[in-house]
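Enquirer: Would you mind keeping the following structure in view while I ask a few things?
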Amino acid sequence: MNQLKHYIGVVILVAVLTVATGLGLQSALQNGYILPPAASWQAVPIDWLFGLHFWAIAFLFSLIVGFLLYSVIVFRRKKGETGDGVHFEGNTTIEILWTLIPLATVIYFAYLGAQTLSDIQRVDPDAIRVNVTGRQWSWTFEYPELGIVSEELVLPNNKQALLRMKSQDVIHSFWVPEFRVKQDVLPGDMVRELRVTPKEVGEYKVRCAELCGRDHANMRAPVVVLEQADFDAWVEERLAADPTKSDDPVVRGQAWAIQFGCAACHSFDGTDGIGPSWAGLFGKEETMEDGSTVLVDAEYLIESIRDPGAQIVAGYQNVMPANIGEDLTDDQIADIIAFIESLK
Amino acid sequence: MNILSLALVRGLLGQVVGTLVGMGIVTLVRLIFGMDPVWKAEPAWVLGGVVGTMFFMLATGVMGDWLKWAKGESTPDHPHEEPGWQRYFNVSLDHKVIGIQYGVTSVIIFLIAGTFALIFRTELIAPGIQFLELDVFNTYVGLHGILMIAGILLGVGAMINYLVPLMIGASDMAFPRLNAFAFWINLPGAVLVLATLFLGGFDSGWTGYPPLSANLEKIGFQTFFMGVYFIGLSSITGGINVIVTVLRMRAKGMSLFKMPIFVWAALATALIQFSATQLIGLSFQLVMFERLFGMNFFDPTEGGNPILFQHLFWFYSHPAVYVFILPGLGIISELLPVFVRKPLFGYKWIAMSSLGIALVGFFVWAHHMFTSGMAEYLRVPFMYSTLLVAVPTGVKFFSWVGTMWQGKMTFPTPMLFVLGAITIFLLGGLSGPPNGTVSTDLYLHDTYWIVGHFHATMFGGYVFPMFAAIYYWFPKFSGKMYSEKLGKLHFWLMLPAFYVQSLGQMWVGLSGMRRRIGDYDPALGIETGQLLITIAGYVIALSVLIFVVNMIISLRSGQKAPANPWNSRSPEFQLPSPVPVHNYAQQPFEVVGEPYDYGLPGSVYVNMSAAPAGD
């Protein structure tokens, strides 16, 4: 009799706590207080599974804490009370139950995990292909079927994009929180793929999600999702006004500087960064870390790109990747130098 | 007093001398072979680090007996040890002294690691760089991580070394000299880790992934790798010692299922330490060789594979987290019956659950690699195995509930920390399944949610139980009582602050905050969460300072402690406080009943033989 009242009491407490925390979490999820708004079709099964996990968490937290709080309040030693607790050592039936039921539950959750994983990996053979390159500390996006290279990831809404990704140096990781999915980006020839199908027009950001050295925190790139018609217009515009096809070497040079990642560390306007600013650089007398001075001319700039560690400007670290220029032709470097020269 | 009489001082001086000798050897070899330049910093520091550690150990004298045996000389069984505070700065073979050496070193390392955290958490209060440059931030984050891990390993060493022989009725560990070695090797290792601060730092986080960690500009990576390697030797040798001690040195009548439950936790922990630690040593050693000798294990442009490193590294580093928490969970099981005055519910199942967690823990490592680009087909099996760990863990939680149910509870400080531990470990554990599920982990990996998850599991599985243990056994190891008022203040500051910190970390992580970033995008709108996390960190630090003050004043002028302040059935509480030098040598005991039969009138666990007259 006495026992029953305790069981009823604790069940009520657990139920109340479960409902309170569960509803609280659900409301926070739905109102966007915790996860950013979902902007991809891959996010749908993921967010659904998050919702289910949060209910399970709410229940299990309330279960244990409910029993704990009830016990702390009801089963405490009152002042002057002697004697011990009720002597029972265990119960094999209940042990078996609380082993098998959780076992079945985790297996079920794992099954749901596998289902949702296969949902988000669904292949669309007509996916638009984007080759993604990550490097310390910038991203470049190349559309091989369209002949465009961009420093922004622009995607058409409701169309699957197949991202084929690699790194030029260390491990990075491609992540747009609103798209949910994430994939590490590896060096060498280890291309890794990620399929993303945007579902909300808008502006987002790729954020590198694997510590990749000094400027990891700032390794971001804009992501723009446009309706198909607007995307097609963007493609047209890029092809027509492709700066890399300009007759002016200064315009071409600026495009290469952004595309090949120079702009991540060298500002064009005098702002100090990880590397010296290019404003007013050409023709300058620069002091090196060993105290010598050097005239910044074409020869010096070519060496700085092909062999970055050869001479380090005083006050800066030797962090320019040694291979950053390996894909640059001599003509492209000449364009970059023309661009630098144009910056007063 | 001659400062060189202290082994610690000799050891540190020895490390300095050994470092110079090692550097000298490398430079001499380069000179002889006509290599250019003659002075090359990185290999010099590496050999310096190795020889420095060797000289540290030799200078302390901890290897003394072994060297004598190698020469065929004999050594006394019970070497003379200085009484007083000098004991703790010298090589002792007494497991109780070694346990305290581990414990104090652990707290000091925690204070250093915690300070790094307060520094970078202060930077993170607002977007923009306030005072901490990004690459210094990266080094501090890595040092915070590895030093916390080292501190936890030391604290685990403290609990296990101090308690296991006392709980099983042994006068010491099976291999006292190995025990001393396992403590002292941590110190030169810690010095090497801290040396990274002066050698350019390391900007990879404690996980040290190549190719980033093969970056030749930062020599700090080498001393980081070496420091961890030597600290790992402590785990391996300590593990062997515990396994043999538990299997071979139990008192009469103490069958395996009549041991105090903490000993099961210690055994499971030792089994992991002794078999997994080699893998982190190996993985770090391979990166060291890649840097030093161009052996391109992990460089894909030269035929290597960076994912290989991750497999090797996580093969240890996942089971390692069970090393961090199994002892603490054992402390919870050990203390609950005493303060609830009824048996531990389902003792055998709890004992087996520790072994179960240890075993399953070896099959889950690739859940740290779901986004790594490893072979696709591995993701789903590792998800199943990872979620499986919840089953033996659940057995523990349900058993604790069964232990509390219908008890008669009191709430001195150790019990408060036990109850706090249960709720915090629960929070941490429940935040695990979304990480263990591949699809949701694709969002969560490398965010602050993960940071929240592991801080909660570490505080619940180690920090809170560690404080419970320190307060609980304080009277036994010191002979004095701690201040109950300060103990309660410590708890009531630390618990809510920790909840704010944890929930704050999980919240900003879900909102898009990545981990290991020294600056964040204001567009994320998480400044409030960041401020709360930092304030919580400062409150936690304050509570720890209160603990340190409590320890110091109680050791100096605490009330004299009775032999058994908690009315515990455990054998060590049947001895006087503090414990006599050789434990039960004068008072061996026989096990005649169950360890946790609180509430069963007339039941006895251990039958102590009569105390010697006039002691």
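The values are calculated or read from the model by the stated rules, or taken from the named source; none is laboratory data. Just so it is clear, the structure is predicted and the values come from calculations on it, not from any experiment. Please note: Cβ atoms are built from the backbone with ideal geometry, for glycine as well, and neighbour counts cover all protein chains shown.
Enquirer: Hey, among A:T133, A:T82, A:T92, which residue is polar (S, T, N, Q) and either touching a Phe, Trp or Tyr at 6+ places or on another chain (Cβ under 8 Å) or more than 10 Å from chain B (Cβ to nearest Cβ) (or both)?
Expert: Details: A:T82 fails: either touching a Phe, Trp or Tyr at 6+ places or on another chain (Cβ under 8 Å) or more than 10 Å from chain B (Cβ to nearest Cβ) (or both); A:T92 fails: either touching a Phe, Trp or Tyr at 6+ places or on another chain (Cβ under 8 Å) or more than 10 Å from chain B (Cβ to nearest Cβ) (or both).
Within the list A:T133, A:T82, A:T92, the selection yields A:T133.
Enquirer: I'm checking my understanding of the structure. Among residues of segment B:407-427 that are of a type in the set (S, T, N, Q) and in contact with a Lys or Arg (Cβ under 7 Å, 6 or more places away or on another chain), which one is nearest to the other protein chains (Cβ to nearest Cβ)?
Expert: Looking only at segment B:407-427, we keep the residues that are of a type in the set (S, T, N, Q), and these are B:410, B:413, B:423.
Next, only the ones that are in contact with a Lys or Arg (Cβ under 7 Å, 6 or more places away or on another chain) stay: B:410, B:413.
Values: B:T410: 5, B:T413: 15 Å.
Top of the filtered list is B:T410.
Enquirer: Show the residue pairs that are 6+ apart or on different chains and have beta-carbon atoms under 7 Å apart, the first residue being within segment B:445-461 and within 12 Å of chain A (Cβ to nearest Cβ), the second being among the charged types (D, E, K, R).
Expert: Between residues of segment B:445-461 that are within 12 Å of chain A (Cβ to nearest Cβ) and residues that are among the charged types (D, E, K, R), the close pairs are B:H445/A:K182; B:D446/A:E210; B:D446/B:R514; B:D446/B:R515; B:T447/B:R514; B:T447/B:R515; B:Y448/B:R515; B:I450/B:R515.
Enquirer: From the list A:G51, A:G24, which one is assigned to a helix (DSSP H, G or I), among the small types (G, A, S) and within 11 Å of chain B (Cβ to nearest Cβ)? Full working, then the answer.
Expert: Details: A:G24 fails: within 11 Å of chain B (Cβ to nearest Cβ).
Unique residue meeting the criteria: A:G51.
Enquirer: Against the condition in a helix (DSSP H, G or I), at the interface with chain A (Cβ under 7 Å from one of its Cβ atoms) and surrounded by fewer than 22 Cβ atoms within 10 Å (Cβ to Cβ), how does B:T440 come out, does it pass?
Expert: Numbers: in a helix (DSSP H, G or I): yes; at the interface with chain A (Cβ under 7 Å from one of its Cβ atoms): yes; surrounded by fewer than 22 Cβ atoms within 10 Å (Cβ to Cβ): no.
When the stated conditions are applied, B:T440 does not pass them.
Enquirer: Looking at segment A:1-17, I want the residues that are over 14 Å from A:I64 (Cβ atoms) and have a partner that is part of a helix (DSSP H, G or I) and at pLDDT 95 or above with Cβ atoms under 7 Å, at least 6 apart or on another chain. Which pairs are those?
Expert: A:H6/A:V74; A:G9/A:Y70
Enquirer: Read through the list (1) surrounded by fewer than 20 Cβ atoms within 10 Å (Cβ to Cβ); (2) at pLDDT 95 or above, then give the number of the only condition that B:I540 fails.
Expert: (1)
Enquirer: Does at least one position in segment B:490-498 carry a residue that is in a helix (DSSP H, G or I), within 14 Å of another protein chain (Cβ to nearest Cβ), at pLDDT 95 or above and more than 25 Å from the chain's Cα centre (by Cα)?
Expert: no
Enquirer: Could you grab the pairs with beta carbons closer than 7 Å, sequence gap of 6+ or different chains, first residue in segment A:310-323 and within 16 Å of A:C262 (Cβ to Cβ) and in contact (Cβ under 8 Å) with a residue 40 or more places away in the chain, second one of a type in the set (V, I, T) and surrounded by 13 or more Cβ atoms within 10 Å (Cβ to Cβ)?
Expert: A:V319/A:I274
Enquirer: Kindly indicate the residue of segment B:522-531 that is more than 9 Å from chain A (Cβ to nearest Cβ) and surrounded by fewer than 19 Cβ atoms within 10 Å (Cβ to Cβ) and also nearest to B:F120 (Cα to Cα) among those meeting that condition. Give the steps one after another, and end with the answer.
Expert: Applying the first criterion (more than 9 Å from chain A (Cβ to nearest Cβ)) to segment B:522-531 yields B:522, B:525-531.
Add one more test, that the residue is surrounded by fewer than 19 Cβ atoms within 10 Å (Cβ to Cβ), and what stays is B:522, B:525, B:527-528, B:531.
Working: B:P522: 17, B:G525: 19, B:E527: 15, B:T528: 16, B:L531: 12 Å.
By that ranking, first place goes to B:L531.
Enquirer: Looking for whichever is closer than 25 Å to B:I152 by Cα and among the hydrophobic types (A, V, I, L, M, F, W, C) here; the options are B:F289, B:F298, B:F309. Which one fits?
Expert: Values: B:F289 fails: closer than 25 Å to B:I152 by Cα; B:F298 fails: closer than 25 Å to B:I152 by Cα.
B:F309 is the lone residue from the list that is closer than 25 Å to B:I152 by Cα and among the hydrophobic types (A, V, I, L, M, F, W, C).
Enquirer: Something else: Within segment A:220-265, how many residues are loosely packed, with under 13 Cβ neighbours inside 10 Å and in a loop (DSSP other than H, G, I, E, B)?
Expert: Matching residues across segment A:220-265 total 3.
Enquirer: Right, something else. Restricting the first residue to segment B:376-397 and requiring it to be facing chain A (nearest Cβ under 8 Å), which pairs with a second residue that is in a helix (DSSP H, G or I) and of a type in the set (S, T, N, Q) meet a Cβ separation below 8 Å and a spacing of at least six or different chains?
Expert: What qualifies is B:V391/A:T99; B:G394/A:T99; B:V395/A:T99; B:V395/B:S353.
Enquirer: Another question, if that's okay. Looking for something touching a Leu at 6+ places or on another chain (Cβ under 6 Å) and either at pLDDT below 95 or closer than 21 Å to B:I98 by Cα (or both) - is there at least one such residue anywhere in segment B:189-199? Walk me through it before giving the result.
Expert: Kept after step one, since they are touching a Leu at 6+ places or on another chain (Cβ under 6 Å), are these residues of segment B:189-199: none.
No, the conditions are met nowhere in segment B:189-199.
Enquirer: Given the conditions (1) over 27 Å from the mean Cα position of the chain (by Cα); (2) within 23 Å of A:H216 (Cα to Cα); (3) in contact (Cβ under 8 Å) with a residue 40 or more places away in the chain, report the number of the one that A:V250 does not fulfil.
Expert: For A:V250, the failing item is (2).
Enquirer: Exactly one condition in (1) of a type in the set (A, V, I, L, M); (2) part of a helix (DSSP H, G or I); (3) buried (at least 18 other Cβ atoms within 10 Å of the Cβ) is false for A:V44; which is it?
Expert: If we test A:V44 against (1) of a type in the set (A, V, I, L, M); (2) part of a helix (DSSP H, G or I); (3) buried (at least 18 other Cβ atoms within 10 Å of the Cβ), just (3) comes out false.
Enquirer: Within the set of pairs 6+ apart or on separate chains, which have a first residue in segment B:201-221 that is more than 16 Å from B:M295 (Cα to Cα) and within 7 Å of chain A (Cβ to nearest Cβ), a second that is among the β-branched types (V, I, T) and not in a loop (DSSP other than H, G, I, E, B), and C-beta atoms under 8 Å apart?
Expert: From residues that are more than 16 Å from B:M295 (Cα to Cα) and within 7 Å of chain A (Cβ to nearest Cβ), the pairs are B:D203/B:T139; B:G205/B:V141.
Enquirer: Which ranges mark the helices (runs of 4 or more DSSP H) fully within segment B:1-78 that have 1 or more residues being within 26 Å of B:R177 (Cα to Cα) and basic (K, R)? Even if it seems obvious, please write down each step before you answer.
Expert: Working: elements: B:7-32, B:41-60, B:64-70.
Of the helices (runs of 4 or more DSSP H) lying wholly inside segment B:1-78, those with at least 1 residues that are within 26 Å of B:R177 (Cα to Cα) and basic (K, R) span B:7-32, B:64-70.
Enquirer: Any idea which residue in segment A:288-339 is modelled with the highest pLDDT, counting only those that are out of contact with any helix residue (DSSP H, G or I) (no Cβ under 9 Å at 6 or more places or on another chain), of a type in the set (S, T, N, Q) and surrounded by 13 or more Cβ atoms within 10 Å (Cβ to Cβ)?
Expert: A:S304
Enquirer: Within the bounds of segment B:130-145, is there any residue that is among the small types (G, A, S) and surrounded by 20 or more Cβ atoms within 10 Å (Cβ to Cβ)?
Expert: First pass over segment B:130-145, keeping only residues among the small types (G, A, S): B:142, B:145.
Keeping just the survivors that are surrounded by 20 or more Cβ atoms within 10 Å (Cβ to Cβ) gives B:142.
Yes; the residues of segment B:130-145 include at least one that is among the small types (G, A, S) and surrounded by 20 or more Cβ atoms within 10 Å (Cβ to Cβ).
Enquirer: Can you find, within segment B:507-521, the residue that is nearest to B:F116 (Cα to Cα) among those that are at the interface with another protein chain (Cβ under 7 Å from one of its Cβ atoms), touching a residue at least 60 places away in the same chain (Cβ under 8 Å) and outside any loop (DSSP other than H, G, I, E, B)?
Expert: B:R514
Enquirer: Checking A:L25 against (1) within 30 Å of A:E227 (Cβ to Cβ); (2) among the hydrophobic types (A, V, I, L, M, F, W, C); (3) in contact with a Phe, Trp or Tyr (Cβ under 8 Å, 6 or more places away or on another chain), which single condition isn't satisfied?
Expert: So the condition that A:L25 fails would be (1).
Enquirer: Could you tell me whether segment B:110-125 includes any residue that is assigned to a helix (DSSP H, G or I) and more than 27 Å from B:A195 (Cα to Cα)?
Expert: Narrowing segment B:110-125 to residues assigned to a helix (DSSP H, G or I): B:110-123.
Subsequent filtering for residues that are more than 27 Å from B:A195 (Cα to Cα) retains none.
Within segment B:110-125, none of the residues are assigned to a helix (DSSP H, G or I) and more than 27 Å from B:A195 (Cα to Cα).
So that you can scan it fast, the table gives a plain yes or no per residue for (1) out of contact with any helix residue (DSSP H, G or I) (no Cβ under 6 Å at 6 or more places or on another chain); (2) at the interface with another protein chain (Cβ under 7 Å from one of its Cβ atoms):
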{"residue": "A:H172", "(1), (2)": "yes, no"}
{"residue": "A:V176", "(1), (2)": "yes, no"}
{"residue": "A:G188", "(1), (2)": "no, yes"}
{"residue": "A:R192", "(1), (2)": "yes, yes"}
{"residue": "A:R195", "(1), (2)": "yes, no"}
{"residue": "A:E200", "(1), (2)": "yes, no"}
{"residue": "A:Y204", "(1), (2)": "no, no"}
{"residue": "A:R207", "(1), (2)": "yes, yes"}
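Enquirer: Right, next: Would you be able to tell me the number of residues in segment A:266-295 that are within 16 Å of A:Y316 (Cα to Cα), of a type outside the set (D, E, K, R) and in a loop (DSSP other than H, G, I, E, B)?
Expert: The total comes to 13.
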